[in-house]
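Presented below is the structure to which this report refers.
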Amino acid sequence: MPISNLLSEQATPDGVDTGCSETVGTRLQTVRKIHGLSQRELARRAEVTNSTLSMIEQGKVSPSIASLEKIVNAIPMSLQEFFSDSLDITPPVFRYDQLVHVEKDAVDYRVLPINRSDNKGVFLAQQVYSPGAKVTSEWMVKNGYVGGMVIDGQIELHLEGTVYELKPGDGFYFSLLRSHSFLNATDKDCTVVCVSFGD
């Protein structure tokens, strides 16, 4: 997204205007936290008031390009880096209620919401297989690899005609191009932590 679409060119005497820019504010707050800076510390470095920085992060005011550049340079970071699509602004910690919850074919998924543009195709989740639950090779994309580890219970991995019984502590890793399925043939739930990623 062009910088001109996000920022106001004209600033009031205190360095901000009244245009609301939630996109810039949210991004600034996330980048600040990733760099381990408190709001007060960044304001001190950038020589702006803490209240001004707070209003920018809340989207209540929109900084001029010059004002924003002054703030991001104090991180330190350039405007180009700040608005880059490749900038990793994924938070380092996800709470349980922030995970994406999906139930499909008697399997309960808790998926980590990874949003980095260069992580397209990455899938990281806790999967709970109910007794009798079966997931086939149709469940994921066809390119890339999948790996995981059994945390609790037992599960069968059917991989191109070979059956592997996996117990707690056992892991797996293979190409998604290979025909496969997972089956919980027991009468208890099975918990698996699984990750897949593209080539």
Counting only residues in region 117-151 that are over 22 Å from Leu177 (Cα atoms), hydroxyl-bearing (Ser, Thr, Tyr) and outside any strand (DSSP E or B), the one modelled with the highest pLDDT is identified as Ser130
Result of the Cβ filter at 7 Å on region 56-81, keeping first residues that are within 15 Å of Ala43 (Cα to Cα) and partners that are modelled with pLDDT of 90 or more and surrounded by fewer than 16 Cβ atoms within 10 Å (Cβ to Cβ), at least 6 apart or interchain, is Ala74/Arg45
Quiz item: Going by the structure shown, is Val31 modelled with pLDDT of 50 or more and in contact with a helix residue (DSSP H, G or I) (Cβ under 9 Å, 6 or more places away or on another chain)?
Solution: yes
(Q) Any residue at all in region 164-184 that's at pLDDT below 95, within 30 Å of Gly36 (Cα to Cα) and assigned to a loop (DSSP other than H, G, I, E, B)? (A) no
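On the given criteria, is Ile114 outside any helix (DSSP H, G or I) and modelled with pLDDT of 85 or more?
no
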Note on region 23-67: residues in contact with a strand residue (DSSP E or B) (Cβ under 9 Å, 6 or more places away or on another chain) and in a helix (DSSP H, G or I) are Val24, Gly25, Leu28, Thr52, Met55, Ile56, Ile65, Ser67
Here the residues within region 33-57 that are over 16 Å from Ser67 (Cα atoms), surrounded by 14 or more Cβ atoms within 10 Å (Cβ to Cβ) and either under 25 Å from the mean Cα position of the chain (by Cα) or not assigned by TED's automatic domain parsing to the domain that holds Pro76 (or both) are Lys33, Ile34, Leu37
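The values are calculated or read from the model by the stated rules, or taken from the named source; none is laboratory data. Computed from a prediction, not measured in an experiment: that's the story for all the values here. In this analysis, Cβ positions are derived from the backbone assuming ideal geometry, glycine residues included, and neighbour counts consider all displayed protein chains.
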